[in-house]
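A.B. asks: Right, I'll just put the structure down here and ask away after.
Just so it is clear, none of the values below were taken in a lab; they were calculated from the coordinates. Please read all numbers here as calculations on a predicted model, not as lab measurements. Because the Cβ atoms are built from the backbone with ideal geometry, glycine has one as well, and the counts that use them run over all protein chains shown.
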Ligand code: FES
């Protein structure tokens, strides 16, 4: 029986007995590898969305993979004997093209002002020095890289450290997803699988990305890494077990409290990083704040210039773990809200990341029909976070869903589009997942604002950071109560503040020092220990504007 094979949306008739890797190569699809299909590098992963029964059984080399993940070099198309699949295999590589990953930052106070170039890596004739210590003799260029290592996506910038110019940037889906889509699963995976597989897999992908830059990787002498506490510590091969257990503290935070270290930042050599950069390069992991409030939140504060900000600023990065920072140069509070992956399309029947085929905007017309906009202008395949926010807002506006997330007329499923590859729909149970994600965010907002002793209208600027924050409709977000009910001009959809902060810390020693000091100023609000957390959460699960709770000043 003929088997139709769809890889990354490209379709072909599969050749039986050939590996998925070879079939992908024949289709011109780039599959990451460092071991020439030997089953050793673990980089050639694919996620099989449909038709696992038409593939050969998992091999010993795939023992570390869970769920629908396979190594494409070890997986052969055998054909299905069952009538249901109809001989269809649908899968995708980790490095899917056109994934919308935010690489830039917008609307920052420092935008347009030149930052003084003051890198740690300098030149003295042909001597290349890090903090004044010679690491190489070369007349060649001096480069550095900044990385925002997210649970879902990775963004890397290559900088010329002598001119301060951005030379290139790149982004890809974090391949560690085979260990789970959120932080707690990754911690459990790393703890139960010896060999640092998550770190090694990422290092393989990252090495390929670095090698594709238009420079000799050995001219990279410094790297600044930001990420949430778990992602950063996995990268530096720290034991992450304690971040998954209450009171959720990184090893570095524990050691800081015990007086064994002076900062939660980490440093290692290029050699130890497993990356193709200069072996004596310095790899600096920016300091984490506390608990799950990590180095990415710290980098956002640096990018927003919080150390000099007199106005009251809020920075909210909505994601699997939403980070919220509120304050100014005098006082800063931060919290991490365990929202889960619902607003990134996870745990939603037709949810998907912001890839081609994702419904990203939804409106309900006067005739009651859905008007949708799809990324890539292709047939809809699913719905991503910004589309979900629009959809909930429109259902609420038109009375087709009430504040408790129930659909009218006992309907349990609302179909947005009909298509050849299936319908895209929203279930009432999906709304429940989204309500809980929203409840966690709102609880974070209420805990931080009430602890600070301020109301929403005291905020002068509300930065929505990250890819999700960049693309959501603010009015729709306000209507469903995902963000506070502020005037539109107070919101800045700021994009990737974390990579901006990492870049600033890379090109300026003074700013890196400022970052270290800024982190020490932050008061961490632990949501789980706040007496009103549960009430805030329950209230926040309702789809209505977030009202400020009255607070003593
Ligand atoms: S190509 Fe290395 S494991 Fe498949």
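A.B. asks: What ranking of 147, 184 emerges when the number of other C-beta atoms within 10 Å of each C-beta is taken as an exposure proxy, fewest first?
C.D. replies: Working: 147 26, 184 17.
Lowest to highest Cβ neighbour count: 184, 147.
A.B. asks: Now for a different question. For the range 206-244 and the range 1-56, write down the distance between their C-alpha centroids in whole Å.
C.D. replies: 28 Å
A.B. asks: Let me ask you something else. Round to the nearest 0.05 the FRET efficiency obtained for residue 425 and residue 53 when R0 = 25 Å and r is the Cβ-Cβ distance.
C.D. replies: After rounding, the FRET efficiency stands at 0.50.
A.B. asks: State the Kirkwood hydrodynamic radius of the range 161-258 in Å, one decimal place, computed from all pairs of distinct Cα atoms. It would help to have the intermediate numbers written out before the result.
C.D. replies: Details: mean 1/r = 0.0658 Å⁻¹.
Its Kirkwood hydrodynamic radius stands at 15.2 Å.
A.B. asks: Per DSSP H run of at least 4 residues, take -39500 (n - 2.57); add these up for the chain, divide by its residues and hand me the 222 nm value, nearest 500 deg cm²/dmol.
C.D. replies: The helix contribution divided over the chain gives -7500 deg cm²/dmol.
A.B. asks: While we're here: Once the Cβ-Cβ distance between residue 371 and residue 458 is put in as r, and R0 is 45 Å, what FRET efficiency do you end up with, to the nearest 0.05? Intermediate values should be presented prior to the final figure.
C.D. replies: Values: r = 37 Å, r/R0 = 0.83.
E(calc), rounded to 0.05, equals 0.75.
A.B. asks: Right, next: Quote the FRET efficiency, to the nearest 0.05, computed for residue 167 versus residue 535 with a Förster distance R0 of 41 Å and r equal to the Cβ-Cβ distance.
C.D. replies: 0.20
A.B. asks: Counting only DSSP beta bridges with both residues in the chain, what percent are antiparallel, rounded to the nearest 5?
C.D. replies: Approximately 65 percent, going by the DSSP bridge assignments.
A.B. asks: Separate question: Could you work out, for the range 246-385, what percent of all Cα-Cα pairs fall into each 5 Å distance bin, beginning at 0 Å and stopping at the bin that holds the largest distance?
C.D. replies: Here the calculated profile for the range 246-385 is 2, 9, 11, 12, 13, 13, 13, 12, 8, 4, 2, 1, 0, 0.
A.B. asks: A follow-up question, please. Evaluate the distance, in nm, between pseudo-label points positioned 7 Å from the Cα of residue 117 and of residue 311 along their respective Cα→Cβ axes.
C.D. replies: 3.0 nm
A.B. asks: As an exercise, take the mean of 1/r over every pair of distinct alpha carbons in the chain, invert it, and state the Kirkwood radius in angstroms.
C.D. replies: About 24.5 Å, per the Kirkwood formula over Cα pairs.
A.B. asks: Just to confirm my numbers, what's the Cα centroid distance between the range 281-335 and the range 449-476 in Å?
C.D. replies: Taking the Cα centre of each part, the range 281-335 and the range 449-476 sit 14 Å apart.
A.B. asks: For the residue pair residue 274 and residue 404, what label-to-label distance in nm results when each label sits 7 Å from Cα along the Cα-to-beta-carbon direction?
C.D. replies: 5.0 nm
A.B. asks: Then there is this: For the range 321-387, what is the relative contact order in percent, using Cα pairs closer than 8 Å and at least 6 residues apart in sequence?
C.D. replies: 29 percent
A.B. asks: Relative to the present Cα-Cα distance, how much length would full extension add between residue 262 and residue 329 at 0.36 nm per residue of separation?
C.D. replies: 21.9 nm
A.B. asks: What is the range 429-553's relative contact order, in percent, from Cα pairs under 8 angstrom and six or more apart in sequence?
C.D. replies: 47 percent
A.B. asks: Please figure out what share of the DSSP beta bridges in the range 340-447 is antiparallel and state it in percent, rounded to the nearest 5.
C.D. replies: On the way: 10 of 13 bridges.
Close to 75 percent.
A.B. asks: Spin-label point model (7 Å from Cα, Cβ direction): what's the residue 4 to residue 475 distance in nm?
C.D. replies: 4.1 nm
A.B. asks: Hey, another quick one. Remind me, relative contact order of the chain in percent, using alpha carbon pairs under 8 angstrom and six or more residues apart?
C.D. replies: Once divided by the residue count of the chain, the mean separation gives 14 percent.
A.B. asks: Please label the shape of the range 433-490 as rounded, prolate or oblate, based on the square roots a ≥ b ≥ c of the eigenvalues of the alpha-carbon gyration tensor (a/c under 1.5 means rounded; beyond that, a/b larger than b/c means prolate, else oblate).
C.D. replies: Oblate, because a/c is 1.5 or more while a/b does not exceed b/c.
A.B. asks: For a label point 7 angstrom out from the Cα of residue 349 toward its Cβ, which stretches of the range 372-405 have the backbone nitrogen within less than 15 Å?
C.D. replies: Only 382-383 pass the distance filter.
A.B. asks: Quick one: 221, 425, 241, fewest Cβ neighbours within 10 Å first, how do they rank?
C.D. replies: Ordered from fewest to most neighbouring Cβ atoms within 10 Å, 221, 425, 241 come out as 241, 425, 221.
A.B. asks: Using C-alpha positions alone, give me the convex hull volume of the range 366-488 per residue in cubic angstrom.
C.D. replies: Per-residue hull volume (Cα only) is 130 Å³.
A.B. asks: Determine, for 396, 515, 427, the number of other Cβ atoms within 10 Å of each Cβ, and report the residues in order from fewest to most.
C.D. replies: In increasing order of surrounding Cβ atoms, one gets 427, 396, 515.
A.B. asks: Between the range 496-553 and the range 114-176, what's the alpha-carbon centroid distance in Å?
C.D. replies: Cα centroid to Cα centroid, the span is 28 Å.
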